[in-house]
């Protein structure tokens, strides 16, 4: 099992987005401590670039990608990616889909569905488009090939949708599990998945649980509820995972149970 720290921030445009690199590094070091593993730091640009094709910082986001791809080139067991913004998921989920085939399921713990395209996005922030890219829609330079299968991505606890995202979700492009505390709901939604990738944007948590959320939304889950939901996936072959959107460098110890639960899933393969 590997831990890769990917301190990209340009996919997010929130006021605290420039804090993402520091949050990434701090959380990755904590993960290394909790799981007893070294941390590999993947170099990412600190610069910005103009909006192009409806995507903010497009040039930088494309330039960041090769270093992350190189870090995943040689198969070496499951990888825990610590972001950075959610845009860092394009590479590891794409690599997992390539390696494990169309039976890959993705559980997307996130307050937001990240199902916009450059045309539908109200901000141009790529972190709100990445799951749609992984499902094969959007800008050709960002679309995963091969893409995730229709209905293979499960929105877990997602509670804030733009209109276009809601339309995409309701079309059957993804499966929704609004309440991750419902017994058996996640395992049922992932039925048929041969392998599973776990995405965790920390804004799934209620803001009262952790102060280092890049895009906090009210009505989230507790840390204990999140841990229980993660542990409920133990019957699956979890081949990769990521934790994204941490802007906190203090109080991170409350996330130790989350790190331990994800590490447990990745180490059982």
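The values are calculated or read from the model by the stated rules, or taken from the named source; none is laboratory data. The structure displayed is predicted, hence computed values, not measured ones. We place every Cβ from the backbone using ideal geometry, glycine too, and count neighbours over all the protein chains shown.
The table that follows gives values for the structure above.
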| read-out | value |
| --- | --- |
| Residue within segment 166-177 that is in a loop (DSSP other than H, G, I, E, B) and more than 18 Å from the chain's Cα centre (by Cα) present | yes |
| Residue in segment 1-23 that is modelled with pLDDT of 95 or more, within 16 Å of residue 197 (Cα to Cα), surrounded by 15 or more Cβ atoms within 10 Å (Cβ to Cβ) and in contact with a strand residue (DSSP E or B) (Cβ under 9 Å, 6 or more places away or on another chain) present | yes |
| Output for segment 61-74, where each listed residue is touching a helix residue (DSSP H, G or I) at 6+ places or on another chain (Cβ under 7 Å) and either in a loop (DSSP other than H, G, I, E, B) or farther than 11 Å from residue 8 by Cβ (or both) | 69, 72 |
| Qualifying residue in segment 37-56 (condition: within 27 Å of residue 152 (Cβ to Cβ) and in a helix (DSSP H, G or I)) | no |
| Meets criteria (within 16 Å of the chain's Cα centre (by Cα) and within 16 Å of residue 110 (Cβ to Cβ)) for residue 230 | yes |
| Filtered residues of segment 80-103 (kept if crowded, with 22+ Cβ neighbours inside 10 Å and over 20 Å from residue 129 (Cβ atoms)) | 80, 82 |
| Only one of 236, 215 that is assigned to a loop (DSSP other than H, G, I, E, B), out of contact with any helix residue (DSSP H, G or I) (no Cβ under 7 Å at 6 or more places or on another chain), crowded, with 18+ Cβ neighbours inside 10 Å and in contact (Cβ under 8 Å) with a residue 60 or more places away in the chain | 236 |
| Condition met for residue 117 (touching a helix residue (DSSP H, G or I) at 6+ places or on another chain (Cβ under 7 Å), assigned to a loop (DSSP other than H, G, I, E, B), surrounded by fewer than 23 Cβ atoms within 10 Å (Cβ to Cβ) and free of Cβ contacts under 8 Å to residues at least 40 places away in the same chain) | no |
